[in-house]
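Working notes, beginning with the structure itself.
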Amino acid sequence: MYDPARCSGCQLCVKDCPADALELLVVDKVNKRFVLRYDVDKCSYCSQCVESCRFSCLEMSPEQWE
């Protein structure tokens with residue numbers, strides 16, 4: 001789960017992803033508007049992105065799991 005209102009655009013989640021499954025797109029840097037592109041086929045569900053996020057904009061969702 002991604003909360004864009006909390007995102008500062010630091011890209012720590014992208015840098016720390018071992019599977020290279022995340023991409024942060026800058027919509028408007030002045031107004032801090034970003035879009036997080038997530039590739040589910042590459043993701044290993046390690047939650048390293050959640051641990052790396054300083055602003056708590058990412059979290060693992062129990063509703064998304066089978």
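The values are calculated or read from the model by the stated rules, or taken from the named source; none is laboratory data. Please read all numbers here as calculations on a predicted model, not as lab measurements. When we count neighbours, we look across all protein chains shown, and the Cβ atoms used for this are built from the backbone with ideal geometry, even at glycine. These area figures cover heavy atoms from the full protein model, side chains too; ligands, DNA and RNA do not enter into them. Shrake-Rupley method; radii C 1.70, N 1.55, O 1.52, S 1.80 Å.
Descriptive notes on the structure:
- Placing +1 on the Cβ of every Lys and Arg and -1 on the Cβ of every Asp and Glu, with nothing else charged, gives the chain a dipole about its Cα centre of roughly 440 debye.
- Rounded to the nearest 500, the helix-only mean residue ellipticity at 222 nm of the chain stands at -3000 deg cm²/dmol, with each DSSP H run of n ≥ 4 adding -39,500 (n - 2.57).
- For Lys32, the aspartates and glutamates whose Cα falls under 18 Å of its own Cα, not counting residues fewer than eight places away in the same chain, are Asp3, Glu23.
- Percent carbon-and-sulfur accessible area, segment 1-56, ignoring ligands, DNA and RNA, probe 1.4 Å: 49
- Sequentially through segment 39-55, phi angles give Karplus couplings (6.51, -1.76, 1.60; θ = phi - 60°) of 9, 5, 6, 8, 5, 9, 6, 7, 6, 5, 5, 5, 5, 7, 6, 7, 10 Hz, Gly and Pro residues having no value and appearing as x.
- Each of Asp20 and Val35 was given a label point 7 Å from its Cα along the Cα-to-Cβ line. The distance between the two points is 2.2 nm.
- Max-minus-min Cα coordinates of the chain on each principal axis give 38, 22, 18 Å, with the largest extent listed first.
- Accessible area per residue for the chain is 75 Å², calculated with a 1.4 Å probe on protein heavy atoms, without ligands, DNA or RNA.
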